[in-house]
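The values are calculated or read from the model by the stated rules, or taken from the named source; none is laboratory data. All values reported here derive from a predicted model rather than from experimental measurement. Backbone-built Cβ (ideal geometry, glycine too); neighbour counts: all protein chains shown. In case anyone asks, the SASA skips ligands and DNA or RNA and just uses the protein heavy atoms, side chains included. Shrake-Rupley method; radii C 1.70, N 1.55, O 1.52, S 1.80 Å.
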Amino acid sequence: MEPDTATARSMIRYFPSGKIEQRSMRYVRVIWKINKPEHPFEILTEIDDLNTETRKVHLYPDGHRERADAQNHDVDTELSYEPFPTVDEINEDPQFVASDMSKDDFEREWSKSSIQ
């Protein structure tokens with residue numbers, strides 16, 4: 001699934017060799033229909049054009065949040081090294097409801113969270 005302009009952003013990475021890499025990002029919101037306080041009920045993920053998670057936020061029923069990026073992660077929230085599935089693939093499992101989200105919405109939720 002190609003991200004549309006509302007859910008993608010360009011990210012430029014500069015390497016010591018002088019190489020420049022531009023990556024397109026997309027954002028996905030997953031509602032996990034589980035009613036257990038130890039599990040997040042909502043998972044927000046930033047994904048690069050290689051389908052790799054670059055940042056993630058977990059929202060828990062008790063109101064606490066956890067997040068992870070390439071440098072840091074909370075106790076129960078880490079980035080996956082597996083390719084991220086498409087929204088349609090996630091929605092094939094009845095315990096999940098996935099949808100695209102905007103960069104602005106992701107950034108707003110990211111900024112509300114901090115590494116514990």
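Determine whether region 59-79 contains at least one residue that is surrounded by 10 or more Cβ atoms within 10 Å (Cβ to Cβ), modelled with pLDDT under 80 and among the acidic types (Asp, Glu).
Yes, the conditions are met somewhere in region 59-79.
Right, Leu50: at pLDDT 85 or above, hydrophobic (A, V, I, L, M, F, W, C) and more than 24 Å from Lys112 (Cβ to Cβ) or not?
Yes: the conditions hold for Leu50.
Kindly establish whether Val87 is under 20 Å from Lys112 (Cβ atoms) and open to solvent by less than 20 Å² (accessible area, probe 1.4 Å).
Spelling it out, it is not the case that Val87 is under 20 Å from Lys112 (Cβ atoms) and open to solvent by less than 20 Å² (accessible area, probe 1.4 Å).
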